[in-house]
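Everything below concerns the one structure shown next.
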């Protein structure tokens, strides 16, 4: 997945592979293997690539050992991953223990509503892995038009749908007009 992200960002920024290779001092053949997913860049090479692309290193590092499924590729999942934004936190309530089996969690998010009840209750903490891949019907944290939601990500007819476990909360169809980002996977 990291190669897909590098290729996507490079193309979005209008930088050729030759230019990126020159700026990073990475052999173009090696860069090609990285972008195809045949090889992962070293951390030093990744830092150099991020510097050349003018993007934060940590956000791309979150994608380092992840692989997109065929279904995720089909739904252009990669287009909804943020690589140049980080969560803005105005207050830290506390530090809480992170369970061992949630070891990839990046932070804990206090659940603001009962949309995922009874599995995740309002006021409890959900552990979030930034840029963690979310399979069909799995739970994630999403940004939708400046609102943050914990929902199940459903793959439906060439688009995404966000579904709450609470049957009183309506499904949300994601359209191309929506500002939609996948923040991360929720551990429960």
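List of remarks:
- Calculated P(r) of the chain - Cα pairs past 28 Å, %: 31 percent
- Rg then Dmax, both in Å and based on the Cα atoms of the stretch 100-187: 12.4, 39.
- Extension gain, residue 61 to residue 122, is 18.9 nm, computed as 0.36 nm per intervening residue step minus the present C-alpha separation.
- Relative protection proxy for 165-176, 42-53, from highest mean packing down: 42-53, 165-176 (other beta-carbon atoms within 10 angstrom).
- Ordering of 72-85, 92-105, 141-154 by burial proxy (mean other Cβ atoms within 10 Å per residue, highest first): 141-154, 72-85, 92-105
- Between residue 176 and residue 137, the FRET efficiency from the beta-carbon distance, with R0 = 22 Å, is close to 0.50.
- Angle of helix 2-12 to the longest C-alpha principal axis of the chain, folded into 0 to 90 degrees and rounded to 10: 80°.
- Prolate/oblate/rounded call for the stretch 2-67, Cα gyration tensor, a/c under 1.5 rounded: rounded
- Relative to one another, the C-alpha centroids of the stretch 107-155 and the stretch 160-188 are positioned 8 Å apart.
- Here the stretch 23-53 is scanned for amide nitrogen atoms under 14 Å from the site 7 Å beyond the Cα of residue 12 along Cα-to-Cβ, giving 50, 53.
Computed from the coordinates by the stated procedures, all read-outs in this text should not be read as laboratory data. Since the model is a prediction, treat every value here as computed from it, not as a measurement. For neighbour counting, all protein chains shown are included, and Cβ atoms are generated from backbone atoms with ideal geometry for every residue, glycine included.
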